[in-house]
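Derivation of every value follows stated rules applied to the coordinates shown; laboratory data play no part. Remember, it's a predicted structure, so these values are computed and weren't measured experimentally. Cβ placement follows ideal geometry from the backbone for every residue including glycine, while neighbour counts extend to all protein chains displayed.
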Amino acid sequence: MNEIIGLIIAAIISWLNFVLIDTYLGLPEEPGVKGADNVGHSIKQRGGDLSGGFFQGNILCSPDASAGTLLASIGFMVIGINGGILAAFLVYIGNRLCADPGYAGTTGALTMTVILTIFCDYLGFKPIMFVVGMVIAIFVIQGIHHPASTKLLGTIARKFNRYTKLE
Amino acid sequence: MYMEILGIITILMALRALITQNRAEKLLYINVIGFSVPAMIALYINTPFALIVAAVFFVCSTISSNAIAYTLNKLDDEIVLDGE
């Protein structure tokens, strides 16, 4: 597997894993904590989408599926499949420390462990590609242009019927 | 190659966080650093303990981002008293 192509495919898969799981579990619908509310409205003031802004705020304020994906990839890289499961447990603890009662982080970690087993053990990818790919994925969502990425997240939220009803 | 990519992302986000004025925007750029540094830790240590170190760093940075984000609105009402 060519390194650059593998890295790009790994980034896309990591992006899909965390965005789809987070959207399905309701992150765009409402802010989990007050901080996420502040971030969501700040992005809306700068021309972004409110639902996408809540998504960004929820990523910021608590370990969600993006954290689960990253830690599962790291766990798989250093330990193997047990590392992915241990990462799910660590993300669960992190969620409760951040006063988040949800399961987005643990779900993301477990699905990522399954994906990693398929891609790394049978399709010739390396776990390190998924670790760096996840960082690239979060850079694309939070590091380039917030109004544009929140509009994309808002569109995906509408497709999943998870768009926010708040103002 | 992988360490270099993570390093470039970290430095870019740090510079961007330094330059931008909006506080919420700064916090989101720093959150990207909160992802890339655990990845760098894991790549460098590359033993099973790396998972624990990376997870602890990540959770701690998330807890502090949570605390900072909570106070973002409250700073606008602060009153500054010049020395009397």
For this session: Take the eigenvalues of the Cα gyration tensor for chain A, scale each by 5, and report the square roots as semi-axes in whole Å, largest first.
Result: 27, 18, 12
For this session: Counting only C-alpha contacts under 8 Å and six or more residues apart, can you give the relative contact order of chain A as a whole percent?
Result: 33
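Most exposed first by the Cβ proxy, i.e. fewest other Cβ within 10 Å, how do A:ILE156, A:ILE115, A:ILE43 rank?
Numbers: A:ILE156 19, A:ILE115 22, A:ILE43 26.
Ordered by Cβ neighbours within 10 Å, fewest first: A:ILE156, A:ILE115, A:ILE43.
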Seminar exercise, completed: Rounded to 0.05, the calculated FRET efficiency for the beta carbons of B:ILE79 and B:THR20 at R₀ = 22 Å is 0.30
Exercise. With each label point set 7 Å from Cα along the Cα-Cβ vector, what nm distance links A:LEU20 and A:ARG158?
Worked result: 2.1
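Ignoring everything except DSSP H segments at least 4 long, calculate the 222 nm mean residue ellipticity for chain B; use -39,500 (n - 2.57) per segment, divide by total residues, nearest 500. Before the final figure, lay out each step's value.
On the way: 3 runs with 63 residues, N = 84.
Dividing the helical sum by the residues of chain B leaves -26000 deg cm²/dmol.
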Seminar exercise, completed: From the Cα centre of the range A:67-101 to that of the range A:4-44, the distance in Å is 17
Problem set entry | Sequence of B:ILE41, B:ILE19 once ranked by neighbouring C-beta atoms within 10 Å, starting from the fewest | B:ILE19, B:ILE41
Exercise. Can you sort A:VAL39, B:VAL32, B:VAL37 by how many other beta carbons sit within 10 Å, fewest first?
Worked result: B:VAL37, B:VAL32, A:VAL39
For this session: Could you tell me the distance between the Cα centroids of the range A:118-164 and the range B:23-56, to the nearest Å?
Result: 17
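Could you work out the helix-only [θ] at 222 nm for chain A, with each DSSP H run of four or more residues adding -39,500 (n - 2.57) and the total divided by the number of residues, to the nearest 500 deg cm²/dmol?
Calculated from helices alone, the mean residue ellipticity at 222 nm is -25000 deg cm²/dmol.
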Exercise. How large are Rg and Dmax for the range A:65-162 when only the alpha carbon atoms are used, in Å?
Worked result: 14.4, 39
Exercise. Which value in nm describes the separation of the simple spin-label points at A:ILE118 and B:ILE52, placed 7 Å from the Cα toward the beta carbon?
Worked result: 3.3
